[in-house]
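Below: one structure, written as structure tokens.
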Amino acid sequence: MDRTLVATVEDHRIALLAALAITIHIAESALPTPLPGIKPGLANIITIATLCLYGLRTAAWVLMLRVLAGSLLLGTFLSPTFALSFSGAVAALLVLSVARLTPGLGFGAVGYSLLAAMAHMAGQFTVAYWLFIPHPALLQLFPVLMTAAVLFGLVSGIIVATMLKHFR
Amino acid sequence: MRSSLLTRSDWLLLIASVALLPWLYGSFWGSTGGMGEEVHIMVDGRELPPISLSKDQTLTIQGSIGPSVLEVANHGIRFISSPCQGKQCIHSGWHTHAGEFAACLPNRVALLITGRESRYDTFNY
Amino acid sequence: MAADPATRYPGLDDGARPLRRPGRALPLLLVLLLFVGGCSREELHHTQLFSFGTLVDISLWGASSTQAEHAERIIQEELQTMHRAWHPWLPGPLTETNRRLQTGSWFDCPPELLPLIVEAKRLYELSDGLFNPAIGKLVALWGFHSDVPPQGPPPEPAAIQQLLNQHPGMDDIAIDGKRLRSRNPAVQLDLGAFAKGYAVDRIIGRLERMGIENAIINAGGDLRAIGRHGKRPWRIGIRNPRGPGVLASVELSGDESVFTSGDYERFYEYEGKRYHHIIDPRTGHPAAGVTSVTVIHDNAAEADAAATALFVAGPEGWYPVARRLGIKYVMLVDDKGGIHMNPAMAKRIRFETTDRPEIIYSKPL
């Protein structure tokens, strides 16, 4: 059996976009954060732009590659940080799939970005609460984290929407 | 519509998300109580006017067998000294949460912390 | 309270303005208002009274102000009556009864004491004598018959042994109608592990007759709760037996009592050793191996006696005693900090500490 692996145009596209997302992700991880769990999540910009330009499949690849490769590069693979990041990504992907595949919802970049940011935060928080710190004091952080998610989701959504307008 | 950055659905989602936040604060901060805001001090069954926990001060309360000294600091309150024998009131340390209560029974001095909503209705010990 | 969230989140107004069809946002706003408006707490009446040598904490939900005031007066009266009747050393019905018990002859029991003694005898039998209010002499020997905690030293072993040899027990008390007699002159009643629960039951009974449906009566940390706190159950914080703060919480709705017996309630330290007030009737010494026992049960008097009996039974022996007493929820903290529970209790208890403690499960009760 002779098999050659041929990289398609889509593969190249995924690789390029994932590389971009990873770069943003790593750059952002160097920023100081006021509270654990609050990050602008600017890598979200790439995921949402990919979703709007190339569809759900490509966006899913880019997101999962970003989480996996990003954690390998940062040395957090399979650590608690990775578990949080991974669960957030899975939650975001699930919500994005539902939003994308349900007909007639009519979301734009901002809508997807908001949904992804909130799902990411909620998924991550749930795992943090059940797996790592099942302390009621942590629950009090949740509204604050969700406020940040809405804010950053909106900001990156507007960035994507502006970007896409220039593309068209 | 095409020139707008946000679609109509985006706007609706944004409003729903923003509206969700006060509800989140209400349910996660309200029900799990959180920090106390005021302390109600009772001396021999009489209740003194409530005292804010946000102003640091030291209070001396004349109880039924002598003075009890209370310290308010860092949004909490504790007994510093009391003329009782067991000194359990002092050992119980800082009290910060709404619904918490501490007392020096021999001196008949009790304090109850209240907040926006108490975390517990009462305590078993 | 209603204006609070709206003023704190000006984003709400910014978001609402550009909406072209306000009709769609209306349901959302209505839902929001419902949540914001739903947290009025005027319906809760909370008072504290000093009585029974302890602090009595009363919460009433959904009662009118007149009802609440009336209830408070009744509770105060009831507590004072019971305090006088059952006081272990101030002259009154209990001291009089104890004096007569020593004579060995029949006498008329004070009516306010008779039902307690009947009930105490029953619980004594059920607990195989681990709950034994007849050891008043031992309690007095250890010095716990006083308003101030004793200073030590602990009593002489010979004095303890001498009292143990006389085997005072509730089965020594004979009841004939309203009359009592003790076959054993060593019997002296100490209702400390029982009267509080009995008092709480009586007060709850009176509140129910007044038409109050939602209440907590908490007498020095031991409580019975009926009904609910509005839409949610009553929430009880269980204090950490070692150190400040709350160990766990439990929700109550319907009619349940939570009683804890702890070695920290009355104790003294002598030459670095701790001597507490829960005396094991088998050894004559403070019961060893346990820090606290918490029991959830419908009847407060039974819960009170059971908490003491299980404390005496210890980490190894509590299970069969709980079964015989018909107790369905038990948590025992041993002297090494280990937490013993039956599975049904574990389901109800929610730990509030940062580290989830290790739990030693028993068989189902």
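The values are calculated or read from the model by the stated rules, or taken from the named source; none is laboratory data. Only a predicted model underlies this, so the values are computations on that prediction, with no experimental measurement involved. Note that each Cβ is placed from the backbone with ideal geometry, even for glycine, and that neighbours are counted across all protein chains shown. Side chains included, ligands, DNA and RNA excluded: accessible areas come from the protein's heavy atoms. Shrake-Rupley method; radii C 1.70, N 1.55, O 1.52, S 1.80 Å.
Taking A:G153, A:G55, A:G123 in turn, the Gaussian network model of chain A (Cα-Cα springs below 10 Å) assigns the largest fluctuation to A:G55. Of all aspartates and glutamates in the structure, the ones whose alpha carbon falls short of 15 Å from that of B:K87, not counting any fewer than 8 places away in one chain, are C:D147, C:E265, C:E269. Projecting the Cα positions of C:A134, C:I117, C:G104 onto the charge dipole of region C:99-189 (unit charges on Cβ atoms of Lys, Arg, Asp and Glu, taken about the Cα centre) puts C:G104 furthest along the positive direction. For region A:42-114, the convex hull spanned by the alpha carbon atoms encloses 79 Å³ per residue.
Remark on C:H285: its backbone amide H falls under 5 Å from those of C:D280, a criterion applied only to residues 5 or more positions apart or on other chains, H modelled at 1.01 Å from N.
Suppose we take every Cα in region B:38-114 and form the convex hull; what volume per residue is that in Å³? Present the calculation step by step, with values, prior to reporting the outcome.
Numbers: hull volume 5.5 nm³, N = 77.
Convex hull of Cα atoms, per residue: 71 Å³.
Size descriptors for chain C (Cα atoms only): Rg and Dmax, in that order, 24.6, 93 Å. Each Lys and Arg Cβ is given +1 and each Asp and Glu Cβ -1; about its Cα centre, chain A then shows a dipole of about 260 debye. For a straight C-alpha distance cut-off of 27 angstrom, the lysines reachable from C:K121 (same-chain residues fewer than eight places away being disregarded) are C:K137, C:K178, C:K196, C:K328.
When restricted to Cα atoms, region C:233-361 yields an Rg and a Dmax of 14.2, 47 Å, respectively. Taken over the alpha carbons of the protein assembly as shown as equal point scatterers, the Debye sum produces base-10 log I(q)/I(0) values at 0.06, 0.09, 0.10 Å⁻¹ of -0.47, -0.85, -0.97.
Interface of A with B. Using a 1.4 Å probe and counting protein heavy atoms only, the two chains hide about 1900 Å² of accessible surface, both sides summed. With the convex hull drawn over the C-alpha atoms of chain A, the volume per residue is 147 Å³. Legend: mean number of C-beta atoms from other chains within 10 angstrom of residue C-beta atoms, peptide A:150-157, equals 3. Would you work out if region C:89-182 is rounded, prolate or oblate? Take a ≥ b ≥ c from the square roots of the eigenvalues of the alpha-carbon gyration tensor; rounded if a/c is under 1.5, else prolate when a/b is larger than b/c, oblate otherwise. Here region C:89-182 falls in the prolate category. For chain C, the longest principal axis of the C-alpha atoms and the axis of helix C:22-37 are separated by about 20°. Cα to Cα, under 12 Å, and not fewer than 8 places away if on the same chain: which aspartates and glutamates meet these conditions relative to A:K39? Straight-distance partners of A:K39: A:E28.
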